Amino acid sequence: MRENLSKKASAAGQGENPDGVDAVAISARNIVKTYTIGREGKPMLVLDDVSLDVRRGEFLAIIGPSGSGKTTLLRIIASLESADSGQVIAQGRPVTQPSAERAMVFQHFGLFPWKNIIDNVKFPLKIRGVKDAEATAIARDQLRRVGLKPQFEQSHPHQLSGGMQQRVGLARALATDADVLLMDEPFGALDAQTREVLQGDLARVCAQTSKTVILVTHDIDEAVLLADRILVLTAGPGRVGEIVDVDLPRPRWEYDVRAHPKYPEVRRHVWDLLRSHITEDGANDGD
Amino acid sequence: MQTPPSQAASLRPDAVTAEAALVPSPVAGRPPGSVLRASWWQLALRRWWPPAVFGLAALILWELISQSINPLLFAAPSRTVEAFGELILSGELLDALIVTLSYLVPGLLISVVLGIALGIFMGRSVTWGTLLQPYLDAIYALPRVAIIPLVILWFGVGYEARIFIIVLGSVVPIAMSTSAGVRYTSVKLLEAARSFQATELQIIRHVVIPSSIPFIISGLRIGTERALVGAVIAEVFLSLTGLGGIIQTEAERFNAPYVIAAALVYALLGGLSMTALGAIERRIAAWKAA
Amino acid sequence: MTATDTKRLRRFNTARTLRQSPMWAKHLTLGLGLIALWELSSLFLDPIVLPPFHSVVVAFFVLLFNGSLIAALGQSLLLLVLGLAAALVTGLVVGIIVGRVSIVERMVVPFLGALYAMPTIALIPLMLVWFGFGLGGRVVVVWLVAFFPMLVAVHAGVRDAPRDLTEVARSFGVRREITLLRTVILPSALPMILNGLRLSVGRGIVGMVIAEVYLRLGGIGGLISEYGAVFRTDYVIAAIASLPALGLLLAAGVEYLERRVRHWRR
């Protein structure tokens, strides 16, 4: 909490201070969001005054019990939804609409079933009017980077396993050359083994490309494994609970993180935070 | 991905039931064990002998009955074949077919373009879609023959009037089916496209249209069928030309074999276009999971 | 789909205009606007081409009160009911036979597809020649256009009757085909059959109008062509406007039937 406040202070000064622009990739300030269920339903507070700063090149995981609005927060950062009040600032400018500077990876992969794999990866490039040959070259590079064999280029998504589909989703996000990756429970729809393999690959890819990543997850291990810092949201309404520094050596894909002596400690700390919020608020509606 | 029938069914239950009915039932199918060693012609024989026998028997029965009463009035099959040959040899049938196609094809093309555009507009704008729906329903339910007097007053009996009759019947089902498809487009995929900063036009081109293709095709099926009916109506009620002209003129002369010969060409046109649409659908929908 | 999704969708799709008012107000605005446009453009056009809206309304009430509309509706309705009843009965009988006797099914199904794709309307002149220009011929026309949707629906419904339920019935000693039909097959085929009937009603109206206009005789179709011949466009439009009423009436009839039959079903 303290760290969050201090960060906010530094972010507040960034408008005048060019160094601030370098340090902070994205910041969200005082985000408030309510949903109204049905036409005349009572408005439900989902996010209550949430602020955060994401440093350039940092891997931030957002974790929270269901109903904490973690996905909503990410969608507001992506501008897929608008906040009732508060602001998202990227590169020193307020964010008002989705941008290719922030590439999204979806839990449901979001691949177009009628496009083959390479065309799916080329999609954001074609949208921006990149020439076909160039787009193909970029797409090939990214597919190779995420470990997808070239023979699948002409396949359609339904012919691929879930893990492979999410590799394509990741390649598509990387193809945009965005500085920021927004990932909404990207491995949530995958089985446990596949998830573990993809987590390792994601760690490697992120280290190689030095992207700024915001990852929403409900999986504590995933958060500890991948993140530099973990933002723990409280439930119903979501507030910033604590920001946990994950003080484990990098690059993490080169050793068995779970075997590191500090790992259980960090994990238990995050779990304790989460558990206290879950019991505090009792039953939560799913988000 | 998505399967259109649930929406398309309300639009056109007959299409669904018809297709369902045309799939050979398990009862009618061969016991699986017996298939193993049969060659293709044995399979074809086993499948096609019943309809062949039935068709032949029906023809013979018809021939006998009509011969015994009045072969010309009741279009004995032999006379019909004769009439068909005669119409072909004299070139009359081909000429009539060309005349019919000369407004059937443009009319259908106009309907397709207008219908898809209108459908996308109505599907993307919930307000306009809801507002326009009752008017489309009314046009769809209105028998076109009923407005023939109005069409004559507005467009005369020439080419424009025929095009109007065809478009009026075909544009609505295409638009309704397309807008159903557009509304069925996955919100998740729309969002994925939007997250990459796609514009509305890019979203329509890359997401909305491809995902609506099955619906558009099912709209085209009804649209084509109604275009054919429109052509007949225009030819019989507006001015006696084309295939409908043959039908009406020969019916007035009680020349039933010629009427049936011309009607068969219409049936052929219908069958051909349905087969073509089926082929297009299979090609385009290759991305769908089996 | 959650409320959030619908909300999102709405924001995605809604045209910015007319956004705040309730839907009925928008419908009213559009309807009145169209009527106003109609009135306005009729000022500049020959009433033969486009009579003003109000004179169509007047024409409608004239037709209603001088009894000719009621008489015409009665004639059309009689024609429709006879034709549809014939289609329903023949469709049921043939559909059940085709659906239950596998050899017949194998013989007939390939032709069903072809017959279904055939524009039956092309045969209407012939039907009238064959069966006469009287009520009989017209009933045959309505039957012809309504029969195939009925047949296809009955066949599909009967064929797809759940096998396990027929087996249950058999295991309880139901031997006779007619009992099986009554207890299991027809009830489960009912939704499809009613669907087919609805479709047949729509087509039947088309067939009815064609027969009437073609013969320039009787019913709403006769009324339309009668006034069309003397260029009373306002009366033509008024007569056309009564067709939806006929459709609604018959739809209500089908619904009534549905309730009755569903009652019997339980």
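Tabulated data for the structure shown
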item: Any chance A:ARG229 is within 20 Å of the chain's Cα centre (by Cα) and either closer than 19 Å to A:LEU181 by Cα or touching a residue at least 60 places away in the same chain (Cβ under 8 Å) (or both); result: yes
item: Residue within segment B:251-260 that is part of a helix (DSSP H, G or I), assigned by TED's automatic domain parsing to the domain that holds B:GLY129, surrounded by 19 or more Cβ atoms within 10 Å (Cβ to Cβ) and without any contact (Cβ under 8 Å) to a residue 60 or more places away in the chain present; result: yes
item: Qualifying residue in segment C:211-229 (condition: more than 14 Å from C:ARG138 (Cβ to Cβ), at pLDDT 90 or above, assigned to a helix (DSSP H, G or I) and of a type in the set (Val, Ile, Thr)); result: yes
item: Members of segment B:152-165 found to be surrounded by fewer than 24 Cβ atoms within 10 Å (Cβ to Cβ) and more than 10 Å from chain C (Cβ to nearest Cβ), listed by number; result: B:PHE155, B:GLY156, B:VAL157, B:GLY158, B:TYR159, B:GLU160, B:ALA161, B:ILE163, B:PHE164
item: Exclusive hit being aliphatic (A, V, I, L, M), closer than 21 Å to A:VAL213 by Cβ, part of a loop (DSSP other than H, G, I, E, B) and modelled with pLDDT of 90 or more, set A:LEU74, A:LEU111; result: A:LEU111
item: All positions within segment C:93-119 that are more than 7 Å from chain B (Cβ to nearest Cβ), under 21 Å from the mean Cα position of the chain (by Cα) and buried (at least 19 other Cβ atoms within 10 Å of the Cβ); result: C:GLY95
item: Residue list for segment A:87-134, filter: aliphatic (A, V, I, L, M), within 14 Å of A:ARG75 (Cα to Cα) and within 8 Å of chain B (Cβ to nearest Cβ); result: A:ALA103, A:MET104
item: Some residue of segment C:172-190 being in a helix (DSSP H, G or I), crowded, with 20+ Cβ neighbours inside 10 Å, under 16 Å from the mean Cα position of the chain (by Cα) and in the same structural domain as C:ILE121 (by TED's automatic domain parsing); result: no
item: Residue in segment B:142-152 that is without any contact (Cβ under 8 Å) to a residue 40 or more places away in the chain and of a type outside the set (A, V, I, L, M, F, W, C) present; result: yes
item: Any chance B:THR127 is in a helix (DSSP H, G or I), in contact with a Lys or Arg (Cβ under 8 Å, 6 or more places away or on another chain) and over 30 Å from B:THR241 (Cβ atoms); result: yes
item: Count of residues meeting criterion [touching a helix residue (DSSP H, G or I) at 6+ places or on another chain (Cβ under 9 Å) and part of a strand (DSSP E or B)] in segment A:55-71; result: 5
item: Residues within segment B:63-103 that are closer than 20 Å to C:TRP130 by Cβ and among the charged types (D, E, K, R), tallied; result: 3
item: Residue among B:LEU168, B:LEU109, B:LEU101, B:LEU114 that alone is within 18 Å of the chain's Cα centre (by Cα), in contact (Cβ under 8 Å) with a residue 24 or more places away in the chain and more than 14 Å from chain C (Cβ to nearest Cβ); result: B:LEU114
item: Residue check, B:SER195 within 14 Å of chain A (Cβ to nearest Cβ), of a type in the set (S, T, N, Q) and in contact with a strand residue (DSSP E or B) (Cβ under 6 Å, 6 or more places away or on another chain); result: yes
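Condition check ((1) surrounded by 17 or more Cβ atoms within 10 Å (Cβ to Cβ); (2) touching a residue at least 24 places away in the same chain (Cβ under 8 Å); (3) more than 24 Å from A:LEU248 (Cβ to Cβ)) across all residues:
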{"residue": "A:ASP49", "(1), (2), (3)": "no, yes, yes"}
{"residue": "A:ASP53", "(1), (2), (3)": "yes, yes, no"}
{"residue": "A:GLU58", "(1), (2), (3)": "yes, yes, no"}
{"residue": "A:ALA61", "(1), (2), (3)": "yes, yes, no"}
{"residue": "A:GLY67", "(1), (2), (3)": "yes, yes, yes"}
{"residue": "A:ILE77", "(1), (2), (3)": "yes, yes, yes"}
{"residue": "A:GLU81", "(1), (2), (3)": "yes, yes, yes"}
{"residue": "A:SER85", "(1), (2), (3)": "no, yes, yes"}
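A quick yes/no check of all residues on (1) surrounded by 12 or more Cβ atoms within 10 Å (Cβ to Cβ); (2) at pLDDT below 90; (3) more than 10 Å from chain C (Cβ to nearest Cβ); (4) touching a helix residue (DSSP H, G or I) at 6+ places or on another chain (Cβ under 8 Å):
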{"position": "B:ALA52", "(1), (2), (3), (4)": "yes, yes, no, no"}
{"position": "B:PRO71", "(1), (2), (3), (4)": "yes, yes, yes, yes"}
{"position": "B:PHE74", "(1), (2), (3), (4)": "yes, yes, no, yes"}
{"position": "B:ALA83", "(1), (2), (3), (4)": "yes, no, yes, yes"}
{"position": "B:LEU87", "(1), (2), (3), (4)": "yes, no, yes, yes"}
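The values are calculated or read from the model by the stated rules, or taken from the named source; none is laboratory data. Predicted model, so just to flag it, every value in this text is computed and none were measured. For neighbour counting, all protein chains shown are included, and Cβ atoms are generated from backbone atoms with ideal geometry for every residue, glycine included.
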